[in-house]
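Structure first, commentary second.
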Amino acid sequence: MLDAEFAHSLAVKAAAHGFVPREKRPDPPVLGLDVWGRKFANPIGLAAGFDKNAEAVEGLLGMGFGFVEVGSVTPHPQEGNPKPRIFRLREHGAVINRCGFNSEGIVVVAKRLGAQHGKRKMEETSTSTSPSTSDIKQGGKAGPGILGVNLGKNKTSEDAAADYVQGVHTLSQYADYLVINISSPNTPGLRKLQGRKQLKDLVKKVQAARDEMQWAEDGPPPLLVKIAPDLSKQDLEDIAAVALALRLDGLIISNTTVSRPPPVDTHSLAQEAGGLSGKPLFDLSTNILREMYILTRGKIPLIGCGGVSSGEDAYKKIRSGATLVQLYTALAYAGPALIPRIKAELAECLERDGFKSVQEAVGADFR
């Protein structure tokens, strides 16, 4: 009944103030997994773009997500594109958006994450028991769940690498993992950074920025790159080569698409500029995921994102090579009850096919 963007900001505010359901039941043990030395209670995460300014991390994790990715955050605050910029294609379970990295900027977000960080440290010291001896950290810096921080660049910035480096310097201390977003279709020239030479130069600079900082014994956060679904075979081969050569910690596959696959192509809003997300993106993003799993020989953790709206969808992503799965559009349509449902359905899929863990099912389609 409400305008899409107004409804969105209302949902973020509700989550920020705790007006959302809180999951108190433990996750089915079959869903637990260790990635990058961190324990995920389940592999279902909230994709970037929902909580762009890290206003609602605690509330969102409390709803039962295994991890939440905030951002994209740009170095300087920026408005993004003119409104209206979010369009619902309800009958297709899809959305077209051209937000254009609307962001309060890294300083505001760092303050917010720093405050949450401090609050948790206080709680931990008041309830601390004997330290765990395991190398795998239970949960992450955001408490029980894992927090990813997705970094963007300012629209008018001439030096993309410098923008991402600034993001790393300011925000990585609060992140369990970092994402370089070079695949939004709504920032002019951004997707060009996915080219082999550009990507290699960019990743090297960002890795160096991260590694020159001082880190505690648990080391620096892993660095991932989020890619587009609209890439040629050659593009994918180039990205895989760079990812393997530079030992990238992961890839997120994928962002929204500028294509309009049927049946969306005939919708009255299909001609709106922007990225398409939701159900019609599922096949396209899953095919790119499969390609990338083969090209990286299963050596790099992949996060499958695009069109996930059920446990069966999540399971297909995992069998296609995803270690973790993200969603966003389905949550906008189905609401918080979707999360426990997806987890229960995924656990059912795994057990039905005889898998004892998520990890066992990763890339099962290729065995």
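The values are calculated or read from the model by the stated rules, or taken from the named source; none is laboratory data. Here the structure is a predicted model, which is why all the values come from computation and not from measurement. Cβ atoms come from the backbone with ideal geometry, glycine included; neighbour counts cover every protein chain shown. The protein model used for the area step is the full one, side chains on, heavy atoms only, and it has no ligands, DNA or RNA in it. Shrake-Rupley method; radii C 1.70, N 1.55, O 1.52, S 1.80 Å.
Quick notes on this structure:
- Excluding ligands, DNA and RNA, the accessible surface per residue across segment 4-361 is 43 Å² with a 1.4 Å probe.
- Here the extension length gained between ILE294 and ALA162 equals 44.3 nm, from 0.36 nm per residue of separation less the Cα-Cα distance.
- Surface/4 of the Cα convex hull for segment 4-361, nm²: 17.0
- For ASP249, net neighbour charge (Lys/Arg +1, Asp/Glu -1) across residues whose Cβ lies under 13 Å away: +3
- Each Lys and Arg Cβ is given +1 and each Asp and Glu Cβ -1; about its Cα centre, the chain then shows a dipole of about 120 debye.
- Net charge of Cβ neighbours under 11 Å - reference GLN166; Lys, Arg +1; Asp, Glu -1: -1
- When the P(r) is computed for segment 2-86, the part past 22 Å accounts for 36% of the Cα-Cα pairs.
- Fraction of accessible area attributable to carbon and sulfur, the chain (%, probe 1.4 Å): 55
- Karplus-derived 3J(HN,Hα), 6.51/-1.76/1.60, for each residue of segment 183-189, Hz, glycine and proline x: 10, 5, x, 9, 10, x, x
- Lys, Arg +1 and Asp, Glu -1 on Cβ, resulting dipole of segment 27-184 about Cα centre, debye, nearest 20: 300
- Taking label points 7 Å from Cα along the Cα-to-Cβ direction, ALA208 and ASP365 give a separation of 3.9 nm.
- Charge dipole (Cα centre; +1 on Lys/Arg Cβ, -1 on Asp/Glu Cβ; no other charges) of segment 186-329 amounts to roughly 320 debye.
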